[in-house]
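Asker: Sending over a structure as structure tokens; questions will come in a sec.
The values are calculated or read from the model by the stated rules, or taken from the named source; none is laboratory data. No experiment lies behind these values; they were computed from the predicted model shown. Please note: Cβ atoms are built from the backbone with ideal geometry, for glycine as well, and neighbour counts cover all protein chains shown.
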Amino acid sequence: MKIKLFTLLLLCTTIANAQTNTYKFKRSITGVNTVWHKMVLPDDLYKKANAGFEDLRIFGINGKDTIEVPYLLKQRADKVTTNDIAFKQINQSANPNGYYYTFQSPGINLINQINLAFKQENFDWKVTLEGSNDNKEWFAILSDYRILSIKNNDTDYQFTKLNFPDSKYQYFRIAVKSSIQPELLEAKISKTDTIKGTYQEVKYQSFDLKNDISKKESVIDVTLANPVPLSYLKLNAQSDFDFYRSIKIEYATDSFKTDKGIQYNYANLYEGTISSLEEPTFNFANTITSRLKITIQNNDNKPLRLSGLQLKGNIYEIIARFDEPKDEYALYYGNEKATGPVYEIEKFESKIPNNLTSVNIGTEQQNPAYSIKIEKPLFENKAWLWVLMAVIIALLGWFSFKMLRN
């Protein structure tokens with residue numbers, strides 16, 4: 001009876017391990033008490049999991065049964081929607097104070113953004129924006145708002161977007177203070193809404209600034225303690241005068257050793273302009289890394305005063321369906337050969353409840369079921385080589401004897 005029971009337990013363990021033995025690491029999941037739950041991936045998981053998370057699996061074990069849990073992996077980034085509002089230009093005039101452009105909508109609309117396009121390629125003007133519902137009494141929305149355009153061999157930069165709080169009027173009037181008449185090509189009026197994503201602050205370990213006079217650039221190397229998701233960077237840049245310079249943000253993809261020490265390969269995250277007219281904040285695709293390189297092209301200008309930065313990243317969140325809440329569950333990862341799972345719940349995401357409770361992901365453990373099959377060479381043992389050589393010599397001798405006999 002004891003032998004049968006032991007055999008049954010061994011069989012159950014073998015069946016359970018068959019699905020999990022290709023993953024190096026596991027983390028217990030606790031707090032499962034209903035079908036749908038959410039969980040946030042811990043920061044120290046990123047350095048061990050595959051870059052694209054193809055190896056993430058959730059398994060539930062109940063005796064001899066092992067169940068794979070379907071899930072969705074979400075990153076909570078900002079969702080921005082822009083709706084263009086129909087407006088037509090009804091008036092254009094000028095007086096000693098500037099040039100005026102009036103726009104009318106068929107109804108009273110809520111807007112918060114106007115994109116202007118001018119024929120001139122180089123200008124530096126101040127703009128006033130007003131709103132009215134009767135085209136008689138006007139209310140100030142923006143005052144002395146600076147717009148700028150520079151185009152030459154070194155620079156191609158424009159800042160002609162008017163951003164302002166939500167404003168609800170039927171008429172909008174733009175006044176441009178300029179010594180020459182602006183040639184307005186287009187005014188694109190719109191309402192932009194942003195659903196804020198979920199970010200977490202990321203602390204950096206070191207901030208190393210070098211001003212390279214020969215290359216006319218400033219380079220900042222930023223290192224983090226561990227690889228984590230990054231999607232937002234705000235640079236503390238100051239100058240006594242207005243500035244607009246090219247900026248490039250790169251992240252380290254891997255490293256290699258040389259005689260001069262460890263060197264890094266980089267890939268682009270962001271390329272654009274850093275300017276005194278705009279907030280020095282930069283958004284890019286959520287990327288997992290532990291090292292950044294920021295390059296600012298100074299040309300012949302004095303380097304900016306750079307004294308730190310702020311980093312944020314969108315969290316990765318798993319939404320999972322636990323068909324058997326009473327089972328024991330764990331998150332498995334660490335399989336370089338794994339391919340991404342395909343679950344049906346991806347097609348029915350709209351049916352997932354909105355208010356999900358969180359479960360806890362435990363600390364990392366070595367998966368005791370992990371095993372790698374190493375294929376040993378057929379002739380790893382030298383005895384096999386001697387046997388093979390003896391057989392070859394015998395065959396050669398036999399063929400030689402047969403040829404001499406003939």
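Asker: Might you check whether a residue that is within 30 Å of I296 (Cα to Cα), touching a Lys or Arg at 6+ places or on another chain (Cβ under 6 Å), in a strand (DSSP E or B) and not aromatic (F, W, Y) occurs anywhere in region 112-130?
Answerer: yes
Asker: Which residues, taken from region 242-256, are under 19 Å from L277 (Cβ atoms), touching a strand residue (DSSP E or B) at 6+ places or on another chain (Cβ under 7 Å) and at pLDDT below 95?
Answerer: F243, Y244, R245, S246
Asker: Could you pull out the residue among D166, D154, D134 that is closer than 30 Å to D300 by Cα and either of a type outside the set (S, T, Y) or at pLDDT below 95 (or both)? Working first, answer last.
Answerer: Values: D166 fails: closer than 30 Å to D300 by Cα; D134 fails: closer than 30 Å to D300 by Cα.
Just a single option satisfies the conditions, and that option is D154.
Asker: Separate question: Which residue, of L292, L309, is surrounded by 12 or more Cβ atoms within 10 Å (Cβ to Cβ) and farther than 22 Å from F53 by Cα? Steps first, please.
Answerer: On the way: L292 fails: farther than 22 Å from F53 by Cα.
Result of the check over L292, L309: L309.
Asker: Listed residues E186, E279; which is of a type in the set (D, E) and not in a strand (DSSP E or B)?
Answerer: Details: E186 fails: not in a strand (DSSP E or B).
So the residue among E186, E279 that is of a type in the set (D, E) and not in a strand (DSSP E or B) is E279.
Asker: Would you say K74 is of a type in the set (D, E, K, R), surrounded by fewer than 17 Cβ atoms within 10 Å (Cβ to Cβ), closer than 17 Å to V359 by Cα and within 31 Å of the chain's Cα centre (by Cα)?
Answerer: Working: of a type in the set (D, E, K, R): yes; surrounded by fewer than 17 Cβ atoms within 10 Å (Cβ to Cβ): yes; closer than 17 Å to V359 by Cα: yes; within 31 Å of the chain's Cα centre (by Cα): yes.
When the stated conditions are applied, K74 passes them.
Asker: Taking the stated definitions as given, is N135 surrounded by fewer than 17 Cβ atoms within 10 Å (Cβ to Cβ), over 36 Å from the mean Cα position of the chain (by Cα), polar (S, T, N, Q) and outside any strand (DSSP E or B)? Quick ask: steps written out before the conclusion?
Answerer: Details: surrounded by fewer than 17 Cβ atoms within 10 Å (Cβ to Cβ): yes; over 36 Å from the mean Cα position of the chain (by Cα): yes; polar (S, T, N, Q): yes; outside any strand (DSSP E or B): yes.
For N135, the condition - surrounded by fewer than 17 Cβ atoms within 10 Å (Cβ to Cβ), over 36 Å from the mean Cα position of the chain (by Cα), polar (S, T, N, Q) and outside any strand (DSSP E or B) - is met.
Asker: Restricting to region 340-365, and then to whatever is of a type outside the set (G, A, S) and exposed (fewer than 10 other Cβ atoms within 10 Å of the Cβ), can you tell me which residue is nearest to the chain's Cα centre (by Cα)? Please lay out each step first, then the result.
Answerer: Restricting attention to region 340-365, the residues satisfying the condition of being of a type outside the set (G, A, S) are 341-349, 351-357, 359-361, 363-365.
Restricting the remaining residues to those that are exposed (fewer than 10 other Cβ atoms within 10 Å of the Cβ) gives 342, 344, 347-348, 351, 354-355, 363.
Values: V342: 22, E344: 25, K347: 23, F348: 25, K351: 27, N354: 24, N355: 25, T363: 25 Å.
Among those that are of a type outside the set (G, A, S) and exposed (fewer than 10 other Cβ atoms within 10 Å of the Cβ), it is V342.
Asker: Quick check: anything in region 78-98 part of a loop (DSSP other than H, G, I, E, B), closer than 25 Å to S358 by Cβ and at pLDDT below 90? Even if it seems obvious, please write down each step before you answer.
Answerer: Step one: list which residues in region 78-98 are part of a loop (DSSP other than H, G, I, E, B), which gives 78, 85-87, 96-97.
Subsequent filtering for residues that are closer than 25 Å to S358 by Cβ retains 78.
Still in the list and also at pLDDT below 90: 78.
Within region 78-98 (the criterion being part of a loop (DSSP other than H, G, I, E, B), closer than 25 Å to S358 by Cβ and at pLDDT below 90), the answer is yes, since at least one residue qualifies.
Asker: Got at least one residue in region 221-239 being more than 30 Å from E121 (Cβ to Cβ) and not in a strand (DSSP E or B)?
Answerer: No - not one qualifying residue is present in region 221-239.
Asker: Mind telling me which of the residues D212, D208 ends up being of a type outside the set (A, V, I, L, M, F, W, C), in contact with an Asp or Glu (Cβ under 7 Å, 6 or more places away or on another chain) and exposed (fewer than 15 other Cβ atoms within 10 Å of the Cβ)?
Answerer: On the way: D212 fails: in contact with an Asp or Glu (Cβ under 7 Å, 6 or more places away or on another chain).
So the residue among D212, D208 that is of a type outside the set (A, V, I, L, M, F, W, C), in contact with an Asp or Glu (Cβ under 7 Å, 6 or more places away or on another chain) and exposed (fewer than 15 other Cβ atoms within 10 Å of the Cβ) is D208.
Asker: While we're on this one: Let me confirm something: among K257, K215, which residue is among the basic types (K, R), outside any strand (DSSP E or B), over 14 Å from L306 (Cβ atoms) and not assigned by TED's automatic domain parsing to the domain that holds A94? Full working, then the answer.
Answerer: Details: K257 fails: outside any strand (DSSP E or B).
Testing whether each residue is among the basic types (K, R), outside any strand (DSSP E or B), over 14 Å from L306 (Cβ atoms) and not assigned by TED's automatic domain parsing to the domain that holds A94 leaves just K215.
Asker: Here is a list of conditions, (1) surrounded by 13 or more Cβ atoms within 10 Å (Cβ to Cβ); (2) under 30 Å from L292 (Cβ atoms), and T194 meets all of them except one; can you say which number that is?
Answerer: T194 satisfies all of (1) surrounded by 13 or more Cβ atoms within 10 Å (Cβ to Cβ); (2) under 30 Å from L292 (Cβ atoms) except (1).
Asker: Could you list, in sequence order, all residues of region 251-284 that are surrounded by 14 or more Cβ atoms within 10 Å (Cβ to Cβ), free of Cβ contacts under 8 Å to residues at least 40 places away in the same chain, over 13 Å from Y232 (Cα atoms) and not hydroxyl-bearing (S, T, Y)?
Answerer: I274
Asker: Right, another one. Could you look through region 32-53, keep only residues that are part of a helix (DSSP H, G or I) and more than 16 Å from the chain's Cα centre (by Cα), and pick out the one that is modelled with the lowest pLDDT? Please lay out each step first, then the result.
Answerer: We begin by selecting, within region 32-53, every residue part of a helix (DSSP H, G or I); these are 43-45.
The next check asks that each one be more than 16 Å from the chain's Cα centre (by Cα); those that pass are 44-45.
Values: D44: 91, L45: 94.
Filtering region 32-53 for residues that are part of a helix (DSSP H, G or I) and more than 16 Å from the chain's Cα centre (by Cα), the one modelled with the lowest pLDDT comes out as D44.
Asker: Select from region 307-351 the residues that are of a type in the set (V, I, T) and more than 18 Å from E68 (Cα to Cα) and list them in ascending order.
Answerer: Taking region 307-351 first, the residues of a type in the set (V, I, T) are 315, 318-319, 339, 342, 345.
Selection gives I315 alone.
Asker: Which ones in region 297-339 are in contact (Cβ under 8 Å) with a residue 60 or more places away in the chain and of a type in the set (S, T, N, Q)? Steps first, answer last, please.
Answerer: Initial filter on region 297-339 (in contact (Cβ under 8 Å) with a residue 60 or more places away in the chain): 297-300, 302-339.
If the condition is that a residue be in contact (Cβ under 8 Å) with a residue 60 or more places away in the chain and of a type in the set (S, T, N, Q), then Q297, N298, N299, S307, Q310, N314, N335, T339 are the ones that fit.
Asker: Restricting region 373-406 to residues that are within 30 Å of K337 (Cα to Cα) and either surrounded by 10 or more Cβ atoms within 10 Å (Cβ to Cβ) or in contact with a Phe, Trp or Tyr (Cβ under 6 Å, 6 or more places away or on another chain) (or both), which is modelled with the highest pLDDT?
Answerer: Just the residues of region 373-406 that are within 30 Å of K337 (Cα to Cα), to begin with: 373-381.
Going one step further and asking which of them are either surrounded by 10 or more Cβ atoms within 10 Å (Cβ to Cβ) or in contact with a Phe, Trp or Tyr (Cβ under 6 Å, 6 or more places away or on another chain) (or both), we end up with 379, 381.
Values: F379: 53, N381: 61.
Filtering first and then ranking leaves N381.
Asker: Can you tell me which residue in region 314-333 is farthest from V32 (Cα to Cα), limited to those that are modelled with pLDDT of 95 or more and buried (at least 19 other Cβ atoms within 10 Å of the Cβ)?
Answerer: Taking the candidates together, the pick is Y333.
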